[in-house]
1. Just to be sure I understand the model, the point goes 7 Å from the Cα along the line to the Cβ. What's the resulting Ser25 to Ser56 distance in nm?
2. Cα centroid distance between the stretch 1-28 and the stretch 71-106, in Å?
3. Quick check for me: using +1 on Lys/Arg Cβ and -1 on Asp/Glu Cβ, what's the dipole size of the chain about its Cα centre, in debye to the nearest 20?
4. Nearest 5 is fine: what % of DSSP beta bridges in the chain come out antiparallel, could you say?
5. May I ask which residue of Gly15, Gly73, Cys95 lies farthest towards the positive end of the charge dipole of the chain, with charges of +1 (Lys, Arg) and -1 (Asp, Glu) on Cβ and the Cα centre as origin?
6. Check Thr90: other-chain or 5+ apart residues with amide H under 5 Å from its amide H, H built from backbone geometry?
7. Give me the net charge of Gln114's neighbourhood, meaning all other residues with Cβ under 12 Å from the Cβ of Gln114; Lys, Arg count +1, Asp, Glu -1.
Amino acid sequence: QLQLVESGGGLVQAGGSLRLSCAASGSIFSIDRMGWYRQAPGQQRELVASITPGGSTNYADSVKGRITISRDGAKNTAYLQMNSLKPEDTAVYYCNVLARRGSKSYTYWGQGTQVTVSS
């Protein structure tokens with residue numbers, strides 16, 4: 001079992017910054033991809049950003065230039081640096097990990113952390 005612990009959410013003013021962390025721990029896994037999704041009330045869950053161990057990244061168009069994903073492989077931790085936040089960034093943010101153990105592939109979700117951006 002792989003545990004994901006998220007932290008860093010909170011309430012910020014528009015234009016402010018937050019840094020989310022997602023730490024993976026537990027059984028030995030090979031992590032293929034880490035990413036962040038978000039879900040606002042009444043909206044579909046959407047990909048915000050993802051990163052591979054090799055450093056390849058993907059971003060939603062709405063966050064490009066404002067949000068940066070990074071990863072510390074030694075700590076199995078992903079970070080989401082969010083700058084110039086807008087009220088429309090308000091959502092619950094979920095860490096997502098695609099991992100392998102042996103020949104099996106698994107998807108894990110964090111508990112979610114609330115990000116609220118006030119106008």
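Each reported figure results from applying straightforward, stated rules to the coordinates on display, with no laboratory input. In this text the structure is predicted, and so the values were computed from the model without any measurement. Backbone-built Cβ (ideal geometry, glycine too); neighbour counts: all protein chains shown.
1. 3.1 nm
2. The two parts, judged by their Cα centres, are 8 Å apart.
3. 280 debye
4. The antiparallel proportion sits near 90 percent.
5. Gly73
6. Amide H to amide H, under 5 Å and 5 or more residues apart or across chains, Thr90 pairs with Val117.
7. Residues close to Gln114 contribute a combined charge of -1.
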